[in-house]
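Q: So that we are looking at the same thing, I have put the structure below in structure tokens.
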Ligand code: BG6
């Protein structure tokens, strides 16, 4: 597992970090604060240089000023003591990403920083750009000879999501970048894998002997994955209206959670073993036919409402969203993993924007004990045994089980046994990108997506996109902002005699 998480982690090797899209939001809000947290924890080498690449012609000094302002605005966990350290080793190249002159200038800068900051010739290219630029940049880097690894130095490329818009574009993008790069030079990011609690799914499953014997179709009734967000589309209308909740969240973030829950134990935590097992899960997910997609997938769009005491305008009135938009801001689905471990166990997934609470959690519901023993008592129902892994913002694990309520009659009450990360460990603030950047610098690809998993994820999602395209979107349910989503999502479970636990009261600190 990632060394960044371990106590004895050593600083990453020296390198130049080249950020394409360096003046953008992602760099400012997430990437730079993550670098600062790595510095705080002593995980960056002194031989580090930062090179920003973007279209604005601001020059080295202009970019340094921009970086400093961003650092002062988006605080990291360690005060401002490190700002000068970063600014001193920061440089800038301006131009359009398709312009070969940019790469010539970049090559010269890389030579300079190799001497000035002793970066040892290692280079990490971070593509924090709109997706249409990914293949253009990789192609140009290749043509300029900047991806060539020689004399013991490495060249790696981090690619942000979304990786493709559908199956064929994901396949095409993989093909395109693999013309220039070897698979082991490519680090496709899914920031969910940078979250401690997501990584803990694996540790919980494989470091605890009691889990494995229960973790299968004999004992598990169903698995429910919820990623509920309170954020609305805000200023992202142009991107989001082309994307929708399914593409934005499911083949990446929700499938990461699904695969970590469902995968077989890998032979080791090496990148290939781990990613191989994850890809197998997605390969085993039953591909829905058009009729099955209609029956097993629900979508919705938020209307007006109140979230966290704020008035939310309907999605269709958000900036850059067409007033007739039929893009979904919510999706729920029932999937089947057709393999020996999981045959017959439904996996229910849901995610949406402008919901009542921000909460991500996975509930594994165990099969019920037979009611027979309690035939002659007032007990007419046994509580479900739910194991819930809380991902965010609460971080921990709860186990719900039945206990005898005090008193002469045998009555059963549901109680939760709780583990809360905060109570057990001192946690330091992080963005989730720290581990990912560090792992890339050290060459550990376990928490990054390989070409086959990306394509396997899209292979599951594509039939849903096709069915929706065929149907048009006239029947899109509208749910009030601040609710738990459309009623159709509840009906999806109710017809199987199951229910979601309420988003509004399903945290670690408040039972329902
Ligand atoms: C991003 C999506 O990948 O993940 C956003 O594009 C979403 O729409 C975000 O809000 C959720 O990430 P997190 O870490 O806040 O759960």
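Q: I'd like the FRET efficiency for residue 292 and residue 343, computed as 1/(1 + (r/R0)^6) with the beta carbon distance as r and R0 of 22 Å, rounded to 0.05.
A: FRET efficiency, residue 292 to residue 343: 0.85.
Q: So for the pair residue 107, residue 470, with labels modelled 7 Å out along Cα→Cβ, what separation do we get in nm?
A: Here the modelled spin labels are 5.1 nm apart.
Q: Just round it to a whole percent: the fraction of Cα-Cα distances in the range 377-512 exceeding 28 Å.
A: Values: 4544 of 9180 pairs.
Value for the range 377-512: 49 percent of Cα pairs lie more than 28 Å apart.
Q: At a 10 Å Cβ-Cβ cut-off, how would you order 202, 333, fewest neighbours first?
A: Arranged by neighbour count, lowest to highest, 202, 333 become 202, 333.
Q: Which length gain, in nm to one decimal place, applies between residue 242 and residue 308 when the Cα-Cα distance is subtracted from 0.36 nm times their residue separation?
A: Fully extending the segment from residue 242 to residue 308 adds 21.1 nm.
Q: Which length gain, in nm to one decimal place, applies between residue 172 and residue 494 when the Cα-Cα distance is subtracted from 0.36 nm times their residue separation?
A: Using 0.36 nm per residue and subtracting the Cα-Cα distance, I get 111.9 nm.
Q: Take the chain, drop everything but the C-alpha atoms, weight them equally and run the Debye formula without solvent; then report log10 I(q)/I(0) at 0.08 Å⁻¹ to two decimals.
A: Normalising to I(0) and taking log10 leaves -0.54.
Q: Right, another one. Could you work out [θ]222 nm for the chain from helices alone, using -39500 (n - 2.57) per DSSP H run of at least four and dividing by all its residues? Round to the nearest 500 deg cm²/dmol.
A: -10000 deg cm²/dmol
Q: May I ask you to derive the FRET efficiency for residue 283 and residue 205 from their Cβ-Cβ distance with R0 = 22 Å, giving the value to the nearest 0.05?
A: About 0.65, to the nearest 0.05.
Q: Sticking with this structure for a sec: May I ask you to order 182-192, 267-277 by the average number of other C-beta atoms within 10 Å around their residues, highest value first?
A: Descending mean neighbour count gives 182-192, 267-277.
Q: Hey, another quick one. Compute the FRET efficiency between residue 410 and residue 504 as 1/(1 + (r/R0)^6), taking r as their Cβ-Cβ distance and R0 = 35 Å, and round to the nearest 0.05.
A: 0.65
Q: With each label point set 7 Å from Cα along the Cα-Cβ vector, what nm distance links residue 478 and residue 380?
A: Taking the two extended label points, one gets 4.0 nm.
Q: Starting from the Cα of residue 417, step 7 Å toward the Cβ, then list every residue of the range 367-384 with an amide N under 20 Å from that point.
A: Only 367-370, 382-384 fall inside the zone, counting backbone N under 20 Å.
Q: When DSSP assigns beta bridges and you keep just the ones with both residues in the chain, what percent turn out antiparallel, to the nearest 5?
A: Working: 45 of 79 bridges.
That works out to approximately 55 percent antiparallel.
Q: If neighbour count is taken as other Cβ atoms inside 10 Å, put 151, 439 in order from fewest to most.
A: 151, 439
Q: What full-extension length gain, to one decimal in nm, is calculated for residue 179 and residue 73 as 0.36 nm per residue of separation minus the Cα-Cα distance?
A: The span from residue 179 to residue 73 would gain 34.2 nm if fully extended.
Q: I'd like to compare 403-415, 490-502: which one has the highest average count of other Cβ atoms within 10 Å, and what's the full order after that?
A: Highest to lowest by the protection proxy: 490-502, 403-415.
Read-outs: derived from the displayed coordinates by stated rules, not from any lab. In this text the structure is predicted, and so the values were computed from the model without any measurement. Glycine gets a Cβ as well: all are built from the backbone with ideal geometry, and neighbour counts include every protein chain shown.
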